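A.B. asks: Structure provided below as structure tokens; questions to follow.
The values are calculated or read from the model by the stated rules, or taken from the named source; none is laboratory data. Small disclaimer: the values here were computed from a predicted structure and weren't measured. Glycine also receives a Cβ, built like all others from the backbone with ideal geometry; neighbour counts cover every protein chain displayed.
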Amino acid sequence: MENLEKKIEQFLALDLKGYTNNFLLTWEKSDAHIEATQLLTEIFSSMHKNGRSFRAFEEGLAISIFRDNSTRTRFSYASAANALGLAVSDLDEEKSQIAHGETVRETANMISFLADAIGIRDDMFLGEGNRYMREVSDALDMGFEEGTLHQRPALVNLQCDIDHPTQSMADMAKLRDYFGGVENLKGKKIAMTWAYSPSYGKPLSVPQGIIGLMTRFGMEVTLAHPEGYGLIPDVVKLAGQQALESGGSFKVVNSMEEAFKDADIVYPKSWAPYSVMKERTELLKNSYTEELKTLEQNCLVHNAKFKEWECTEEMMKLTKDGEALYMHCLPADITDVSCEQGEVSKSVFDKYRKHTYEEAGYKPFVIAAMIFLARFENPKLKLVEILERNKDRF
Amino acid sequence: MENLEKKIEQFLALDLKGYTNNFLLTWEKSDAHIEATQLLTEIFSSMHKNGRSFRAFEEGLAISIFRDNSTRTRFSYASAANALGLAVSDLDEEKSQIAHGETVRETANMISFLADAIGIRDDMFLGEGNRYMREVSDALDMGFEEGTLHQRPALVNLQCDIDHPTQSMADMAKLRDYFGGVENLKGKKIAMTWAYSPSYGKPLSVPQGIIGLMTRFGMEVTLAHPEGYGLIPDVVKLAGQQALESGGSFKVVNSMEEAFKDADIVYPKSWAPYSVMKERTELLKNSYTEELKTLEQNCLVHNAKFKEWECTEEMMKLTKDGEALYMHCLPADITDVSCEQGEVSKSVFDKYRKHTYEEAGYKPFVIAAMIFLARFENPKLKLVEILERNKDRF
Amino acid sequence: MENLEKKIEQFLALDLKGYTNNFLLTWEKSDAHIEATQLLTEIFSSMHKNGRSFRAFEEGLAISIFRDNSTRTRFSYASAANALGLAVSDLDEEKSQIAHGETVRETANMISFLADAIGIRDDMFLGEGNRYMREVSDALDMGFEEGTLHQRPALVNLQCDIDHPTQSMADMAKLRDYFGGVENLKGKKIAMTWAYSPSYGKPLSVPQGIIGLMTRFGMEVTLAHPEGYGLIPDVVKLAGQQALESGGSFKVVNSMEEAFKDADIVYPKSWAPYSVMKERTELLKNSYTEELKTLEQNCLVHNAKFKEWECTEEMMKLTKDGEALYMHCLPADITDVSCEQGEVSKSVFDKYRKHTYEEAGYKPFVIAAMIFLARFENPKLKLVEILERNKDRF
């Protein structure tokens, strides 16, 4: 609890000015705002562990729009909403329908009259997901300015084509805890590497989220993938700039071994090549079913050339003292468990399973922190009020 | 807030005796009960705008039964339930199954043991929707009388084949606000007119709801539609009687121009002809798929003869000072936006878009008011209690 | 209310030590724990009837996993969760997917970070449902011990292949009320008998739940079914042992008449033969669609040989004074109502309909009691706290 008090003090000392109603990309947030979200994540998690309620609303809706399937994020969002005192209401669109323009503007307002938060997942179409979120954001701003909406709901990106901020922020929370504080991350080497999986079309948002966030804390970040499996160029460029500014480093290599060498942290995870995702988006938009099948087959055959990109015990021996922290956003494709050959060997996964669970366990609190900071004009005062109320959860 | 206090005073002065547990048709409600629902809508909306909670339940379920798709009404209902302190639980029936008799009686009771409200949408089958609601109502009455149910849930019509009271009451709330009070509606001319849409089978409940409600306030109500697009004869007859009693007028014409002439308010909206809806209901009941397709095609071809029934700027010039209030239940079929040619031109819609959003924005509060009035033995006392509690929403 | 106070006193006097976080099979629970659940069911029901809140949580999630369709149990669970202050979040698995091993362990943890209860229905596959629940239970224990989960959610069996404890406990609550106390059940004769229904593949869990629970109270329990329609042998054996220990009796007969003779209570209900369920499970696992159709047809033809197994007025005359209590878990297959010929005649059902509704009405409170007892370290203290709080539900 001493630790908790210190975190509260740190939070109250931060400069929260300029915090917007949205959490769409981590790199749009100032260092202080990232720190605020992290500290609040830890504070909420700690309160929950101690049976304390951090309920902030008497009532209100938290709307979810899942344009792609999701179990974990869905439950994380429901957990966050519930803990804050909001009820989840899901907008069940036809998945195939990529609404734009008037429809988005109208729907965004129609569902928001009594909404305090909106969480959106839309990660399947390159160039679409984040753009859709910004259309919703503009519609909400307009509705609030016109007075149609009595309040501007917080808007949270639950994964788009560019970033997956609730994941990367949960990953960061795990790292802070594991290494004993954000100050200890300076100089740590993290390998964000592609890994083989007998699947196809996995989004780029997780690796992009990692390099887009971890390059801000003075870490040595290596992105590794087979040739042709690059990410969105703008995000790669941004990672390089951020690394420079934070006093860390960023490089892209085409070898898993090179990335693992002396790494403190490894994050082996499959994704589709940027070029394939672009082609796929066009085909999906035009409903070219046959061409999509062909693309998938070609892609799977091509993937299979890189089966050696697997996080095995052998590979782990290359890391710092052979003891790097293994991370994954889950579910991992585990060799001999979920597939014949996958991203990680059973023994490596088993050794770090508890850590991956803990990593995931931060997500509900990350989302709660994001909504809290976006929704309250004075989040510090609100937190103090909640702490002084000192209410048990049951 | 002065305005709010005045409304509270007015509400407390009303005669609420005889208010039943159901809100099925506006014309079953006394003038005082309609006024109570309107005032409470305004009071709740005002409280919400000022960040005040009007939560009335510590816990409880609000059950929804949507036999037809709905996004807006679904969210309005969820918003109303949540604001009152109830959790939504959706009964997901197979849409094709039109249960009757024992099944309805049993299911109605089985889902209601801890329910405080039930909202039903069932608007596709002429002669069915409202009848189904009354079966549910009877089952609930029986369950409560027998003691199986500890409480009689409020039953709210979220759109049936006859009326759409949550819509017409929201429309009314908008008119009261726009014209500065119900007393100013006397003598106002409203045109409820059919409009062209490249669709088929739209329910009759909106126009019926409008003529069934607006004829009670001394307004000059004109219903306009092409020949053959008549509404349920009983509702048309009722509208005439009510207009007579309220000191207003009601007429049916076959020209949009005639209806728009000098109108203070226009409500151009597509619907299917009564006769087609009757035929369609029979075909649907018997699952005559082929015949349904033929009916749809014939109907669309027939509709296309009336493409000039569009609310254009030209048409709007016919209205009072060219500045009538344009209303719509949304989503509207907007020419060049949602379709090639539709109910309203883009420029007219854009000019009044904000007003249509506000119109829709009353619906959550209308539903909350309906549940509140139906569920509490002494709604006045309950409101005073809530006002004195004076709790912030966050 | 005097009655309520007596029940509270009795509850507070019980030995609740050793109550686990799970309610999976009634026969795993001690007599004191069964009595505690029954008393709490009555206390909660009574409080609800009197408009008192028994909310126990400020917030929290109650997760539901329905691997089979369900309306009644779904609403009972939602009602229980809501009354305790929890929000329902449904895990919507693909129904066909019978996950095991790593996936179950991971998913169970991923959805439980902020969960206070998990309810599972999985009754279609012999040897699978209960086993799945125990896998979830082990995963939750592990997660809690490792510290990944801040709390161990209560786990409630909402029907498996072996038992249907929320149903049998609701049935028991009805019997206690009907006969004026559990002490009056001693010596009462109950006939749990198979009945004809034009359906196929109904689970065995209801009859197994009844003989597994009712044999513990000194009742004379008769299980009746046509030859070949036996239940899981282990459960039948257990029923015999329990009857012996409780000073009652248990026998299996192949005649509905024999079972009805002098019965105080009859429970006529269709189920599939154990052997068919075993074969069906294998075929389903292997997706043998054709063989499943053949099995269904054969089974329906075979069933039809036992159409005389119907609870008619004639049959009821055989019971104690012709006035035995008719019970059913609902929905019943009623002759001339839900089918041409079914489990029970219309006149018998109508006479006892109100009783079957009341029987069902206990289920929300049974589930609430199960969660309450499983989740709180000191349920007595918690109940006293709730009673002293003395809060109205609205």
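A.B. asks: Please determine, by comparing only the residues of the range B:330-354 that are assigned to a loop (DSSP other than H, G, I, E, B) and among the hydroxyl-bearing types (Ser, Thr, Tyr), which one is nearest to the other protein chains (Cβ to nearest Cβ).
C.D. replies: This residue is B:338.
A.B. asks: Of all residues in the range B:60-81, how many are within 11 Å of chain A (Cβ to nearest Cβ) and over 18 Å from the mean Cα position of the chain (by Cα)?
C.D. replies: 1
A.B. asks: Looking for whichever is more than 30 Å from residue A:185 (Cα to Cα) and in contact with a helix residue (DSSP H, G or I) (Cβ under 6 Å, 6 or more places away or on another chain) here; the options are A:299, A:311. Which one fits?
C.D. replies: A:299
A.B. asks: Can you name the number of the only condition in (1) assigned to a loop (DSSP other than H, G, I, E, B); (2) modelled with pLDDT of 95 or more that residue B:242 fails?
C.D. replies: It fails just one condition, (1).
A.B. asks: Also: If residue C:22 passes every condition in (1) over 23 Å from the mean Cα position of the chain (by Cα); (2) more than 14 Å from every other protein chain (Cβ to nearest Cβ); (3) at pLDDT 95 or above but one, which one does it miss?
C.D. replies: Among (1) over 23 Å from the mean Cα position of the chain (by Cα); (2) more than 14 Å from every other protein chain (Cβ to nearest Cβ); (3) at pLDDT 95 or above, the lone unmet condition for residue C:22 is (1).
A.B. asks: Within the range C:45-59, which residues are facing another protein chain (nearest Cβ under 7 Å) and part of a loop (DSSP other than H, G, I, E, B)?
C.D. replies: Listed by number, the residues that qualify are C:53, C:55, C:56, C:57, C:58, C:59.
A.B. asks: Restricting to strands (runs of 3 or more DSSP E) lying wholly in the range B:92-196: which have 1 or more residues that are within 14 Å of chain C (Cβ to nearest Cβ)?
C.D. replies: Those strands (runs of 3 or more DSSP E) span B:115-122, B:154-160.
A.B. asks: Considering only the range C:108-149, state which residues are surrounded by fewer than 24 Cβ atoms within 10 Å (Cβ to Cβ) and charged (D, E, K, R).
C.D. replies: Scanning the range C:108-149 gives C:122, C:128, C:131, C:134, C:135, C:138, C:141, C:145, C:146.
A.B. asks: What are the pairs, 6+ residues apart or on separate chains, where a residue within the range A:14-32 that is more than 21 Å from residue A:207 (Cα to Cα) has its Cβ under 6 Å from a residue that is assigned to a loop (DSSP other than H, G, I, E, B) and not aliphatic (A, V, I, L, M)?
C.D. replies: Sorted first by the residue in the range A:14-32, then by its partner, the pairs are A:21/A:152; A:32/A:15.
A.B. asks: Going by the structure shown, is residue C:344 at pLDDT 95 or above and either within 22 Å of residue C:80 (Cβ to Cβ) or not assigned by TED's automatic domain parsing to the domain that holds residue C:34 (or both)?
C.D. replies: In short, yes.
A.B. asks: Could I ask something else about it? Is it fair to say residue A:236 is at pLDDT 95 or above, part of a strand (DSSP E or B) and touching a Gly at 6+ places or on another chain (Cβ under 9 Å)?
C.D. replies: no
A.B. asks: Does the range C:290-302 contain at least one residue that is more than 14 Å from every other protein chain (Cβ to nearest Cβ) and either part of a loop (DSSP other than H, G, I, E, B) or closer than 26 Å to residue C:217 by Cα (or both)?
C.D. replies: Looking through the range C:290-302, none of the residues is more than 14 Å from every other protein chain (Cβ to nearest Cβ) and either part of a loop (DSSP other than H, G, I, E, B) or closer than 26 Å to residue C:217 by Cα (or both).
A.B. asks: Only one of C:6, C:17 is assigned to a helix (DSSP H, G or I) and surrounded by fewer than 22 Cβ atoms within 10 Å (Cβ to Cβ); which?
C.D. replies: C:6
A.B. asks: Just need a number here: residues in the range C:29-44 that are within 13 Å of chain B (Cβ to nearest Cβ) and under 16 Å from the mean Cα position of the chain (by Cα).
C.D. replies: The total comes to 1.
A.B. asks: Something else: Do the conditions hold for residue A:333, that is, is it without any contact (Cβ under 8 Å) to a residue 24 or more places away in the chain and not assigned by TED's automatic domain parsing to the domain that holds residue A:25?
C.D. replies: No: the conditions fail for residue A:333.
A.B. asks: Has the range A:352-373 got at least one residue that is modelled with pLDDT of 95 or more, among the polar types (S, T, N, Q) and within 30 Å of residue C:59 (Cα to Cα)?
C.D. replies: Taking every residue of the range A:352-373 in turn, at least one turns out to be modelled with pLDDT of 95 or more, among the polar types (S, T, N, Q) and within 30 Å of residue C:59 (Cα to Cα).
A.B. asks: Right, another one. Can you name the residue in the range A:355-392 that is within 14 Å of chain C (Cβ to nearest Cβ) and among the basic types (Lys, Arg) and is also surrounded by the fewest Cβ atoms within 10 Å (Cβ to Cβ) among such residues?
C.D. replies: Selected residue: A:389.
A.B. asks: While we're here: Listed residues C:285, C:269, C:278, C:293; which is in the same structural domain as residue C:226 (by TED's automatic domain parsing) and in contact with an Asp or Glu (Cβ under 8 Å, 6 or more places away or on another chain)?
C.D. replies: Just one listed residue meets the conditions, C:269.
A.B. asks: For the range A:263-277, what are the residues that are assigned to a helix (DSSP H, G or I) and under 21 Å from the mean Cα position of the chain (by Cα)?
C.D. replies: Matches in the range A:263-277: A:274, A:277.
A.B. asks: Here's another thing I want to ask about it. Got a number for residues in the range C:303-329 being in a loop (DSSP other than H, G, I, E, B) and charged (D, E, K, R)?
C.D. replies: Summing the residues that are in a loop (DSSP other than H, G, I, E, B) and charged (D, E, K, R) in the range C:303-329 gives 5.
A.B. asks: Which one of C:377, C:314 is on the phi < 0 side of the Ramachandran plot and at pLDDT 95 or above?
C.D. replies: From the options C:377, C:314, the qualifying one is C:314.
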